[in-house]
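Everything on this sheet refers to the single structure shown next.
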Amino acid sequence: MEPSVSVYRRLLGRHGPQHWWPAETPFEVIVGALLMQQTAWRNVAKAIGNLKAAGLLEVKSLAAARLGIIRKHVRVTGLYGTKPARLRGFCRHLIARADGDLGRYFARPTEEVREDLLAQDGVGPETADSILLYAGGHPVFVVDAYTIRIGRRIGLFATDDYNEVQRFFESRFPKDLAGYQEYHALFVTHGKEICRPKPRCAICPVRPDCAFGRGRDG
């Protein structure tokens with residue numbers, strides 16, 4: 001069996017379905033992805049709740065809001081000098097490109113949308129691909145620090161390069177939207193709970209494949 005598929009099955013068997021990304025709408029996914037940088041998800045969830053309670057969790061409302069108002073609601077996520085402007089700017093971009101219609105925005109070819117996303121302030125490859133995968137329904141493999149840490153330890157690849165790691169999975173794992181979403185979420189959970197910087201190798205479901213953990217007692 002292809003190693004990337006075997007690892008996926010073992011992680012799924014250990015952790016179960018993750019039901020990620022936790023959001024009620026595609027726009028909520030986008031807001032979460034933009035606020036997620038350099039903070040914990042619990043802070044993002046709180047900020048989204050603040051925006052929702054204030055009636056601002058909508059493209060045109062955020063595009064028209066004053067930065068001070070946005071800052072008050074998302075301050076908990078940190079980088080309050082840049083995140084409010086990036087969030088408002090992104091919403092204005094959605095309006096300029098597709099009148100705020102996300103269905104129209106994401107209806108274009110994947111590479112075209114990805115280039116468009118990467119051109120926005122504060123949007124790097126991981127954020128762009130998270131938006132494509134979870135909000136836009138485009139099957140792209142999201143790579144993060146957990147993916148690289150786990151993949152290197154178990155010998156799937158020997159690089160930290162985002163594009164190389166993404167190509168590795170997209171060329172070896174079935175191109176499936178739900179599968180890509182689940183795999184990414186499983187890497188995050190596994191990296192937080194077991195394959196930590198100081199790993200808990202004794203309870204790792206992929207330990208037999210892992211040169212790092214083989215022979216360790218966790």
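Any idea how far apart M1 and A178 come out in nm if each label point goes 7 Å out from Cα toward Cβ?
1.8
Assuming R0 = 41 Å, can you tell me the calculated FRET efficiency for the pair E193 and A64, based on Cβ-Cβ distance, to the nearest 0.05?
The value I calculate is 0.50.
Ranking S6, S171 by Cβ neighbours within 10 Å, fewest first, what do you get?
S171, S6
So which aspartates and glutamates can K192 reach, going by Cα to Cα under 16 Å and dropping same-chain residues fewer than 8 places off?
D144, E182
Let me check against my output: what whole-number percent is the relative contact order of the chain, with C-alpha pairs under 8 Å and at least 6 apart?
23
To the nearest 0.05, how large is the calculated FRET efficiency for T159 and K72 if R₀ is 45 Å and r is the Cβ-Cβ distance?
Details: r = 42 Å, r/R0 = 0.93.
In this case the efficiency is close to 0.60.
When the helices in the chain are scored as -39500 (n - 2.57) per DSSP H run of 4 or longer and the sum is shared across all residues, what 222 nm value do you end up with, to the nearest 500 deg cm²/dmol?
Theoretical 222 nm ellipticity from helices: -16500 deg cm²/dmol.
For the pair R108 and W41, how long in nm is the line joining their label points, each one 7 Å along Cα→Cβ?
Using points 7 Å along Cα→Cβ, the separation is 3.0 nm.
Taking the Cα atoms of region 26-135 alone, what are Rg (to one decimal) and Dmax (as a whole number) in Å?
Both quantities, over Cα of region 26-135: 12.8, 36 Å.
Using a 7 Å offset from the Cα along the Cα-to-Cβ direction at both D101 and Q120, what is the distance between the two label points in nm, to one decimal?
1.8
³J(HN,Hα) across region 137-142 via Karplus (A = 6.51, B = -1.76, C = 1.60, θ = phi - 60°), whole Hz, x for Gly/Pro?
x, 9, x, 10, 8, 7
Can you tell me what percent of all Cα-Cα pairs in the chain are more than 27 Å apart?
Value for the chain (Cα pairs over 27 Å): 36 percent.
How high is the FRET efficiency between A54 and R9 when r is their beta carbon distance and R₀ equals 41 Å, given to the nearest 0.05?
0.40
Rule-based calculations on the coordinates, nothing more; no lab input. For clarity, every value in this text was computed on a predicted model and none was experimentally measured. Because the Cβ atoms are built from the backbone with ideal geometry, glycine has one as well, and the counts that use them run over all protein chains shown.
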